[in-house]
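Read the structure below first, then the notes.
The values are calculated or read from the model by the stated rules, or taken from the named source; none is laboratory data. Quick caveat, the model's predicted, so the values are computed rather than measured. Because the Cβ atoms are built from the backbone with ideal geometry, glycine has one as well, and the counts that use them run over all protein chains shown. Heavy atoms of the whole protein, side chains included, go into the accessibility calculation; ligands, DNA and RNA do not. Shrake-Rupley method; radii C 1.70, N 1.55, O 1.52, S 1.80 Å.
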Amino acid sequence: MAIFIQQLLNALQLGGIYALIALGYTMVYGVLKLINFAHGDIFMAGAFIGFFLATYLKLPFVATLLGSMVLTALLGVTVERVAYRPLREAGAPRMSLVITALGVGLFLENFTRATVGAEPRNFPRLLETAAWDLGGVALTSLQFLIIGTALALMLALRYLVRHTLVGKAMRAVADNPEILGLMGVNVDRIIIFTFVLGSTLAAAGGILYAQAYPVLDPYMGIVVGWKAFIAAVVGGIGLIDGAMLGGVILGSTEVFVAAYLPSTYRDGIAFAILILVLLLRPTGLLGRPVVKKV
Amino acid sequence: MPLLEVEGLAVDYGAIRAVRDVSLTVEEGELVALVGANGAGKTTTLRAISRLVPVAAGSIRLGGRDLTRLRPHEVTTLGIAHVPEGRGIFPSLTVMENLELATWLRRKDQEGLRRDFDRVFSLFPRLWDRRHQVASTLSGGEQQMLALARALLTRGRVLLLDEPSMGLAPVLVKEIFSILRELNRQGTTILLVEQNAHMALGIAHRGYVLEAGTVVLSGPGPELARSHRVKEAYLGR
């Protein structure tokens, strides 16, 4: 039982990070119906930006976290402005946007490799780690912090999307952007804001990830990005709660598979879950079934 | 000076010129009807005014200000309130959330908003009963009321209404029309597009008849309603 609870904590830690990244996929999909395949690389960029802030400016944890969130948001907004918006304004087919997103991802990976180098970097430990013994279960302060930060950010986002006017505007873009313009809302600004939120959470995910698994390389965003994307789809893409649920499910699967089965099965099983969930519930666990209107 | 002034408007849809030459004016406090057959260019004219489609030629002025180069949210800021064809509510948001979004431009004016919400809910009591309901669950008539209420909350200087009677039972059409007449009596300026030419011209001060993207006839509402040309235009010949 103690081992199980121990693994559950590990699962929540990994799942929280996946969820933070999955939220970016789901929010951009919600407003633009675009799967932003560059998002995993935004997560990578967030981790690297944090690495530079912590290594060269010797910033402490909180400053590194916030600094990376701000700079990564800037990167996300730049990507939207330079790569996606011109296509949207030209009325390009959705497929072109998705291909562009893939291109942006490859660009970010290769640009990072060219400038920072391909050899893995060690993210400095920014936190003193204490461990508490809770009746046979070891809770580290790092684990507590990662789970706590992820949870706090997710709850803040959830509140924002549900209860603030700008959150309502984000949901309205998904329904009908043209009409939102008629309400006097500058729709481009809402879209920019969505990218800011998504990139900010990806950066937070990057920093938390780097504290738990402190080896960075330019391609780290690929697999983590795919898994976060799976999490978003499993939960029901476009849904905030879905991204959170999917993140936790995916994190748990990985941790428990690695704990009780040979760890090489880990990713295979994670991807099998995606296929299985979609076969049973094509719109994801929390997604409403598709109703065809005649 | 008219409040809204459209001059020589032309709009293209791809290679097709949907609106060829539309000129019309709406004075402050007027209710003006724009009628014509299906495909005559009524909806396109409204969409050009609120800048949802590009203008190929001509000018659109609100209170003397040229709108032709602006974007939809800027036009709304200047005072155009457009209730589009098919109502354009946000189906996944609640009634209250739909209404709140219409207050985007004046969200700091708490005092004025409270008064306007009171007015809207006394005008449409059913929206109050259903305020927590998701908008897609409303009936057609209720959706039309929601769209109207939302347009009122933006506090536009001109209300553009596109086929408010579409898809509604006759009883509801009557109710909507009497609300429009009442709104106009209270001072709201309205440009009303309708296929139901007879009813629209019946409550309008003035009317314009559109045929194949061109204004072919204009005059006082009740007079137009009796004209032969209107019956022809309405039936599309």
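Averaging the Cα positions of each part gives two centres, and for the stretch B:75-129 and the stretch A:108-184 these lie 33 Å apart. About the centre of its Cα atoms, the stretch B:35-158 shows a dipole size close to 320 debye [charges on the beta carbon of Lys, Arg (+1) and Asp, Glu (-1) only; nearest 20 debye].
Amide H contacts for residue B:34 (H built 1.01 Å from N in the peptide plane; partners 5 or more residues away or on another chain; cut-off under 5 Å): B:192, B:193, B:194, B:208. Over the stretch B:43-171, give the accessible area per residue in Å² for a 1.4 Å probe, as an integer. That works out to 41 Å² per residue.
Across every pair of non-identical alpha carbons in the stretch A:113-252, the mean reciprocal distance, once inverted, gives a Kirkwood radius of 17.5 Å. Coupling constants for the stretch A:119-131 follow from the phi torsions by the Karplus curve (6.51 cos²θ - 1.76 cosθ + 1.60, θ = phi - 60°), and in residue order they are 5, x, 10, 9, 6, x, 6, 9, 10, 5, 9, 10, 10 Hz; glycine and proline get x. Taking A:127, A:151, A:216 as the candidate residues, the one with maximal mean-square fluctuation in a Gaussian network model of chain A, Cα springs under 10 Å, is A:127. Close amide H partners of residue B:18, meaning residues 5 or more places away or on another chain with modelled amide H under 5 Å apart, are B:11, B:12, B:13. Ranking of A:196, A:255 by solvent-accessible surface, largest first: A:196, A:255 (1.4 Å probe, protein heavy atoms only, all chains present). For the stretch A:173-181, backbone phi angles converted through the Karplus equation (6.51, -1.76, 1.60; θ = phi - 60°) give residue-by-residue couplings of 4, 4, 6, 6, x, 4, 5, 4, x Hz, Gly and Pro being listed as x. Figure note: A:254, A:178 ranked by solvent-accessible area, largest first, 1.4 Å probe, ligands and nucleic acids not counted: A:178, A:254.
Pairs to check: A:168/A:227; B:174/B:231; B:108/B:174; A:33/A:227; A:168/B:108. Give those whose C-alpha atoms are more than 25 Å from each other in this structure. Listed pairs above 25 Å: A:168/A:227; B:108/B:174. Buried surface for the A/B pair, taken as the accessible area of each chain alone minus that of the pair with a 1.4 Å probe, is close to 2000 Å² in total. Look at the alpha carbon pairs under 8 Å that are at least 6 residues apart: their mean separation over the length of chain B gives a relative contact order of 29 percent. Protein heavy-atom accessible surface, 1.4 Å probe, per residue over the stretch A:34-154: 50 Å². Ranked by the mean number of other Cβ atoms within 10 Å of their residues, highest first, the peptides B:115-122, B:139-146 come out as B:139-146, B:115-122.
Volume per residue of the convex hull around the Cα atoms, evaluated for the stretch B:77-210, comes out as 109 Å³.
Among B:76, B:137, the sequence by solvent-accessible area, most first, with a 1.4 Å probe is B:137, B:76. 3J(HN,Hα) along the stretch B:189-194, derived from phi through the Karplus expression 6.51 cos²θ - 1.76 cosθ + 1.60 where θ = phi - 60°, amounts to 7, 10, 10, 10, 9, 8 Hz, with x in place of Gly and Pro. Rounded to the nearest 10 square angstrom, residue A:132 shows an accessible area of 120 square angstrom against a 1.4 Å probe.
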